[in-house]
Every structure is written in C-alpha cells, then in structure tokens.
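Peer 1: Please see the structure below; I have some questions.
Every number in this text was worked out from the coordinates using simple rules, so none of it is lab data. Keep in mind that this is a model prediction, so the values were computed, not measured. Virtual Cβ from ideal backbone geometry, glycine too; neighbours counted across all protein chains shown.
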Amino acid sequence: MKKITLLLMVTIGALTTQAQLAKTKWKGTLQLDNPLEVIWDFGNDSLVVYALADNSALETMTFKDADKTLTIKKVFGQSDCTESEGKYKYEIKNDELVLTLISDECTGRSSVLNNSKWGKSN
C-alpha cells in the first residue's frame, strides 16, 4: 500500500511539474532595436508570441517543459532561429517568470531571452 501511495504521489508531482507553463500567458518587453511589449501564450505544446500593440503573431514555437527547463524551437515567424532549439532554465516566483540561458545556438534569441523577466498575464 505504501508503494502504491508513493508511486501515485510521484506521478502527480511529475504531471504538475510538466504542466507548469502549459495554458499560461506572460507579458514582457523584448529588448530589440526598439523595445517591444509582447505576450507569450503557452498552449499544450505550442508557444505563440504576440505583439501587444496590435495583437499580431510574431513567432510560433513548439515547447517542452521538464524539470524547470524550457526547450523552444521556432515553427515560423520573424526571427532567424530556423532549426535550432533553445534551452532555458526557468523559475516562477510571485507571478514572475525568469528565464536563464542553458544553451541556444540562435544568438539573436538568447541575447534577448537570457535573464529576461515576464509577468503573469490573464
């Protein structure tokens, strides 16, 4: 009985961890040539980045969320990050999402996302 209870607790914990970013939205500013306010809209396994000013989709990516590591890969959009995956450690504290670079071959993306902070959005 103890083994079943422990297995159930571990399974529930793993599911909760994996679903931490799914179906959430985060607002922040991309520090580009001209700062751009955006919304990150996480689906189940997709991430769409919208410009806040006109609600236009700037980028669509796939994402994986495991062990507080966010892995993203561009599907289509404006950046030059075509085939590369980016991996970022994330922390959520007080409705703030902070990303820290682990690895990303796309320097344009990593230079903008490393140490970026995002506020929870409705």
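Peer 1: If the cut-off is 21 Å between C-alpha atoms, which lysines fall inside it for K23, apart from same-chain ones fewer than 8 positions away?
Peer 2: K64, K68, K73, K74, K87, K89, K93, K117, K120
Peer 1: Add +1 for every Lys or Arg and -1 for every Asp or Glu among the other residues with Cβ under 11 Å from the Cβ of L101, and state the total. Please list the in-between numbers first.
Peer 2: Working: positive: K87, K89, R109; negative: D104.
Around L101, the charge tally is +2.
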